[in-house]
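Enquirer: Below: one structure in structure tokens.
What follows draws every value from the coordinates through simple rules; no lab data is involved. On a predicted model such as this, the values are computed, not experimentally measured, just so you know. When we count neighbours, we look across all protein chains shown, and the Cβ atoms used for this are built from the backbone with ideal geometry, even at glycine.
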Amino acid sequence: MAYRCNDARETVEFYQRVLGMDFQLAIAENQVPSTKEPDPYMHVFMDAGNRNVLAFFEVPNSPPMQKDPNTPEWVQHIAFEVENMDDLLAAKSRLEAEGLDVLGPVDHTIFKSIYFFDPNGHRLELATNTAKSGMLEELHKVAPEMIAEWSQTKTAPKHAAWLHDGSFGSTEQNKQEK
């Protein structure tokens, strides 16, 4: 994943200090390799775990960064998984000690999350899996039906209403599945 940043050094230091990511490498050019445009940039790479990389570009000659005004703030975010609830709560404490505003934990039934912003305004999520046995398998099973219904109606299908009403595994839910 690659995103834009305001200040490469500040971004690297934030991800190192706050999320414990290892700074892997930096690439800087005065010309874009693919287009040959004269546009200096700094491209930094952070180890996001599980052989994933989170990268940022600082492009000082471009107009200032801004968010898509037509997309709600909560939609665009970068999510990372933590091992368990203790780790999530410890992360929240560390983030708050850094002076960051942290929302949550928010209970999504199958996981719990906290949300905060990096220095560039990118929303970040840390989440831990809290799914009970069978929940993820049920969501996987109904996913094709849900996307088909959504594409026709643009309203939330009820195939996974149990995420919000607490009925997973209930007799009523089992009847609806048959």
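Enquirer: Between the range 115-137 and the range 1-30, what's the alpha-carbon centroid distance in Å?
Expert: Taking the Cα centre of each part, the range 115-137 and the range 1-30 sit 21 Å apart.
Enquirer: Which of the residue pairs K92/K158; K132/K158; K67/K158; K92/K132; K112/K141 have a Cα-Cα distance greater than 30 Å in the structure shown? Please report the intermediate quantities before stating the final value.
Expert: Numbers: K92/K158 33 Å; K132/K158 19 Å; K67/K158 32 Å; K92/K132 23 Å; K112/K141 22 Å.
Violating the 30 Å limit, Cα to Cα: K92/K158; K67/K158.
Enquirer: Ranked by Cβ crowding within 10 angstrom, fewest neighbours first, how are S167, S62, S34 ordered? Walk me through the numbers on the way to the answer.
Expert: On the way: S167 14, S62 11, S34 6.
Result, fewest neighbours first: S34, S62, S167.
Enquirer: Can you sort V18, V75 by how many other beta carbons sit within 10 Å, fewest first? Provide the component values of the computation, followed by the final result.
Expert: Values: V18 18, V75 8.
Going from least to most buried by this count: V75, V18.
Enquirer: A further question follows. Order by neighbour count: E37, E138, fewest other Cβ atoms within 10 Å first, most last.
Expert: Working: E37 9, E138 19.
With the sparsest Cβ surroundings first, the list reads E37, E138.
Enquirer: What are the ³J(HN,Hα) values, in whole Hz, obtained from phi via the Karplus relation 6.51 cos²θ - 1.76 cosθ + 1.60 with θ = phi - 60°, for each residue of the range 2-8 in sequence order, with x given for Gly and Pro?
Expert: 10, 10, 8, 9, 7, 9, 4
Enquirer: Follow-up. Below 8 Å between Cα atoms, with a sequence gap of 6+, how large is the relative contact order for the range 1-143 in percent?
Expert: 20 percent
Enquirer: Using θ = phi - 60° and the Karplus relation 6.51 cos²θ - 1.76 cosθ + 1.60, list the HN-Hα couplings for the range 90-102 in order, rounded to whole Hz, with x at every Gly or Pro.
Expert: Per-residue couplings from phi come out as 5, 4, 4, 4, 4, 5, 5, 5, 6, x, 8, 7, 10 Hz.
Enquirer: Apply the a/c threshold of 1.5 to the C-alpha gyration tensor of the range 77-129 and tell me whether it is rounded, prolate or oblate.
Expert: Since a/c reaches 1.5 but b/c is at least a/b, the shape of the range 77-129 is classed as oblate.
Enquirer: Oh, and also: Go ahead and estimate [θ] at 222 nm for the chain from helices alone: -39,500 (n - 2.57) per DSSP H run with n ≥ 4, summed, over the residue count, rounded to 500.
Expert: After summing the helix terms and dividing by the residues of the chain, the value is -9500 deg cm²/dmol.
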